[in-house]
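Take a look at the structure set out below.
The values are calculated or read from the model by the stated rules, or taken from the named source; none is laboratory data. Everything quoted here is computed from the prediction, not taken from an experiment. Cβ coordinates were reconstructed from backbone atoms using ideal geometry, including for glycine residues, and neighbour counts include every protein chain displayed. Accessible surface is based on the protein model in full, side chains and every heavy atom, while ligands, DNA and RNA are left aside. Shrake-Rupley method; radii C 1.70, N 1.55, O 1.52, S 1.80 Å.
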Amino acid sequence: MVSRSPLQSRAGADLTGLPDLGRYLASLPDKERDRATACLGALGDADLASLGVSEAQPVEHDYPVDDIDGCIPADLEGTLYRNGPGRWQDHSGRPLHHLFDGDGMLSAFSVADGSVHYRNKYVRTRHYLGKTGLRHLGTAAPGGIKANIGRLVPNLANTNVVEHAGRLYALWEGGPPHEIDPVTLETIGVRRFGGELRWVGSYSAHPSTCPQSGDMFNFGVEFIPRPHLRIYRTDPTGKLKHFRSAPLPYVTMVHDFALTPSHLVFVVSPIIPDAVPVALGLKSLGDGLRYRPDRGSVFILVPRDGGKIRTVEYGAVMVFHLSNAYDDGGDTVIDAITYRDGRLLKRISRFHTSILDDAPSVFMRYRITRSGRVLGEALSDLPCEFPRHHAAYEGRKYRYAYINTRRHLAAFYDSITRIDLSDSSESTYTTPEAGNSFCEPVFTPKPNAASEDEGWVLSVEYQARTHTSRLVIFDAADIAGGPIASAGLRHHIPQGFHGNFVARSR
């Protein structure tokens with residue numbers, strides 16, 4: 001365990017215990033370094049301590065966890081897989097400044113018989129193995145135009161990890177998935193599903209599985225010959241086929257979608273790149289993304305039965321993650337995390353020294369009527385992200401959503417909230433330890449559960465004081481009661497993006 005030393009002042013910042021932050025600051029041009037250190041100097045002690053979660057984890061571990069607090073539920077059996085950047089430097093050792101630019105590192109918490117085993121491993125992508133160039137999604141390669149023009153960014157496999165048809169995949173939306181051994185976390189290789197993922201093989205990090213059919217749907221954004229969504233369906237045996245294509249109104253980033261029994265539902269935000277500077281290598285894609293509210297948003301409803309695609313225009317909505325969607329008579333209901341403007345894009349492009357307080361989010365519900373009207377209402381105005389729900393209620397009217405929320409920290413989520421959508425009541429647990437933060441809450445039902453919230457919520461908590469992380473397990477019906485059990489690691493896990501629990505068959 002390493003005791004953290006906070007950054008004490010702008011003039012004399014103590015970076016002991018934060019070596020990656022120190023190297024990042026040292027790599028910046030003078031003016032940008034001055035702005036970054038000024039931002040750090042304005043932070044309070046808790047926010048400064050919280051920055052340890054963005055330090056790299058260079059070591060791959062494999063051990064039984066012996067620091068158990070509380071009682072691990074006896075009928076909780078399976079593995080919580082998580083994915084996210086494990087280091088923010090390229091294979092040359094150069095610090096990277098965009099949140100999305102880190103090499104993917106998988107974590108597996110295997111739970112059985114009241115015990116926990118932990119294993120982490122980097123996905124052996126071409127970038128991790130040093131076989132790619134140095135242009136990243138959010139960080140340009142050194143060397144100017146010649147080093148960047150015409151260069152594709154590397155597939156980092158750093159965003160999500162999902163299981164389907166007995167196979168485990170590490171996902172990154174700009175390219176095909178990497179198949180992973182579910183036990184050892186060894187990288188088996190890039191999976192193109194018999195050539196169905198063509199060219200760059202864009203494949204979203206947010207597939208959605210129909211609980212009735214077992215089909216897994218996903219999509220990729222393609223720009224040639226014109227902007228469109230290329231949609232895929234993978235049957236329960238793991239065979240993938242092109243399902244449909246849907247035109248996009250402009251070149252944009254689409255990160256997520258939702259599934260109902262009748263439609264695939266997309267909320268398209270005007271997150272539009274500065275095409276010429278990006279194409280010429282003058283800007284990275286991450287630095288070139290702009291929120292263009294003048295272009296408006298569209299809801300795209302793609303019928304699962306092959307019917308006509310429906311496009312509904314709407315005022316600009318800034319969205320990364322959807323919670324769920326369902327059919328309600330002739331209406332389509334969509335729940336999503338929204339932002340009032342594009343400041344979030346700038347914050348994640350310089351995440352090491354940025355805060356999110358000035359980029360608040362709202363949990364919104366949109367109802368698209370049969371006549372094409374869009375009605376919006378706020379479900380929660382807490383600063384929030386990473387919504388999850390009971391997977392068996394995918395595409396169905398559901399009652400409970402579980403989200404990360406912020407109560408005290410400026411840059412990370414220090415709370416987990418359950419929202420009862422029947423009356424918009426909220427139940428929240430906030431970590432009592434200064435600087436601690438939670439990752440995405442993952443719901444897993446109890447075996448033979450009879451009610452929607454009969455299960456557990458699993459998350460990973462970063463513990464700032466000791467620079468360690470721990471698996472935390474909540475009773476899903478009593479989030480405010482705090483963790484019923486935890487499994488403390490000997491080290492930390494860097495802030496991650498997404499994960500899923502795969503139950504073990506009895």
Q. What's the extension gain from residue 115 to residue 145 if we count 0.36 nm per residue and subtract their Cα-Cα distance?
A. 5.5 nm
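With respect to the cross-link table entries 131/241; 31/131; 397/446; 308/397; 239/308, which display a Cα-Cα separation exceeding 28 Å?
Where the Cα-Cα span goes over 28 Å, the pairs concerned are 131/241; 31/131.
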Q. What are the chymotrypsin sites (Phe, Trp or Tyr not before Pro) within the range 145-203 that DSSP puts in a loop, where the Cβ has at most 15 other Cβ atoms within 10 Å?
A. 199
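Mind checking the full-extension length gain between residue 35 and residue 131? Use 0.36 nm per residue of separation minus the Cα-Cα distance, one decimal, nm. Before the final figure, lay out the partial values.
Details: separation 96, 0.36 × 96 = 34.56 nm, distance 3.40 nm.
Roughly 31.2 nm would be gained on extension.
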(Q) I'd like the distance separating the alpha-carbon centroids of the range 318-346 and the range 35-79, in whole Å. (A) 29
Q: Calculate the length of the line joining the C-alpha centroid of the range 402-418 to that of the range 448-499, in whole Å.
A: 13
Q | Amide H partners (placed H, <5 Å) of residue 253, local residues excluded | A | 271
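Return a whole-number percent for the relative contact order of the chain, with Cα pairs under 8 Å and 6 or more residues apart as the contact set. Please list the in-between numbers first.
Details: 1313 pairs, mean separation 74.2, N = 506.
Contact order relative to length: 15 percent.
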Q) Taking the range 452-488, which GluC sites (Glu not before Pro) meet the DSSP loop condition and have no more than 16 other C-beta atoms within 10 Å? A) 454
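Restricting attention to the range 49-143, which GluC sites (Glu not before Pro) occupy a DSSP loop and are surrounded by at most 14 other Cβ atoms within 10 Å? All intermediate terms of the calculation are to be shown ahead of the outcome.
Numbers: sites: 55, 60, 77; in loops: 55, 60, 77.
Passing sites in the range 49-143 are 60.
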Q) Can you list the aspartates and glutamates whose alpha carbon sits under 12 Å from that of residue 346, skipping same-chain ones fewer than 8 residues off? A) 287, 358
Q. Just the accessible area for residue 379, please: 1.4 Å probe, Å², rounded to the nearest 10?
A. 10
Q: Could you order 370, 504, 233 by accessible surface area, starting with the largest, using a probe radius of 1.4 Å?
A: 370, 504, 233
Q: Enumerate the amide H contacts of residue 284 below 5 Å, restricted to partners 5 or more residues apart or on another chain; note that Pro and chain-start residues carry no placed amide H.
A: 140
Q | Burial order of peptide ranges 157-164, 311-318, 45-52 (average beta-carbon count within 10 Å, highest first) | A | 157-164, 45-52, 311-318
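Given axes a ≥ b ≥ c from the Cα gyration tensor, I'd like to know whether the chain is rounded (a/c under 1.5), prolate (a/b larger than b/c) or oblate.
Values: a/c = 1.33, a/b = 1.08, b/c = 1.23.
Rounded, since a/c falls under 1.5.
FRET efficiency for residue 68 and residue 239, Cβ-Cβ distance as r, R0 = 60 Å, nearest 0.05? Could you put the intermediate results ahead of the total?
Numbers: r = 41 Å, r/R0 = 0.69.
About 0.90, to the nearest 0.05.
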Q | Protection-proxy order for peptides 98-109, 437-448, 180-191, each taking the mean of Cβ atoms within 10 Å per residue, highest first | A | 98-109, 437-448, 180-191
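Let me have the 222 nm mean residue ellipticity of the chain computed from DSSP H runs of 4+ only, each contributing -39500 (n - 2.57), with the sum over all residues rounded to the nearest 500. Walk me through the intermediate numbers first.
Numbers: 7 runs with 47 residues, N = 506.
Per the formula, -2500 deg cm²/dmol.
Take the solvent-accessible surface of the protein heavy atoms, probe 1.4 Å, and return the percent of it on the range 19-503 that carbon and sulfur atoms account for.
Values: 9360 of 18530 Å².
Answer for the range 19-503 is 50 percent, counting heavy atoms of protein chains only.
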Q | Segment residue 181-residue 378, length gained on full extension (0.36 nm per residue, minus Cα span) | A | 66.8 nm
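Could you state the accessible area per residue of the range 19-503 in Å², with a 1.4 Å probe and every protein chain left in place?
Working: 18530 Å² over 485 residues.
I get 38 Å² per residue for this part.
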